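Step one of this worksheet: look at the structure below.
None of the figures in this text is laboratory data; all of them are computed from the coordinates on show. None of these values were measured; they are calculated from a predicted model. All Cβ positions, glycine included, derive from the backbone under ideal geometry; neighbour counts span all protein chains shown.
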C-alpha cells in the first residue's frame, strides 16, 4: 500500500472526521478533526504500518481561529511511505499526546509546549525542554517580539573579560599560522 491508499482507507474509516487531504510533490497530507487525532494516529501505527514518528511540529496562524496547527510526520520503517497528519488547535484546546503510541513523541511534544504553548492532554511529563521553568512566554509564537522581551535576568554573556582569556588553554585568533595559535605551542612564563 502507498500513502495515497492509506489516505483512502482513513477517509473510509473516519469519514466525517477527515477534513481534507492533499498531495503535493508526492507528499501526502491528511487534515483531521482534533477529537479524532489520537484514533487516526493509532490506526496509522497499528493497521497501516507507520511505525516511526519522525516529528511533531506546530504552526502559528496568528489572527486566524483556530490559531494553531499541530503536524505529525509519520513514516514506515522501510521508508517506503510517509504521511503527514495535521489538526487545527485553538488556544485553549489540548491535543491528545501521542507518547503512548510512540515514545519519541515525548520530547517533540515538550518542544511544542515550550516554544508555542500548546499543551498535550495525557502527556507523561509536560515541562519545558529549552527554556527554563517559569519562563512566561512562548518564543515561536508570531506575537513574540523579534528583539525578545525585557527581562530581569543579568546579561551573563556580556560581563566583560572572559575568565580564561589569554590563558594556556585558549587558542589565539589572528594572522599567525595555526600551529602557533595552538595553546600547547605557547610557552607560559
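What the table shows:
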read-out: Calculated Rg and Dmax of region 1-122 using C-alpha coordinates, Å; value: 13.6, 40
read-out: Mean separation of Cα contacts under 8 Å, 6 or more apart, over the residue count of region 102-151: relative contact order %; value: 32
read-out: Rel. contact order, % - alpha carbon contacts under 8 angstrom, at least six apart, region 1-133; value: 20
read-out: Label point 7 Å beyond Cα of residue 130 along Cβ direction - residues of region 74-94 with amide nitrogen under 12 Å; value: none
read-out: Most to least packed among 138-144, 1-7 [average Cβ atoms within 10 Å]; value: 1-7, 138-144
read-out: Potential extension, residue 146-residue 52 segment - 0.36 nm per residue separation minus Cα distance; value: 30.4 nm
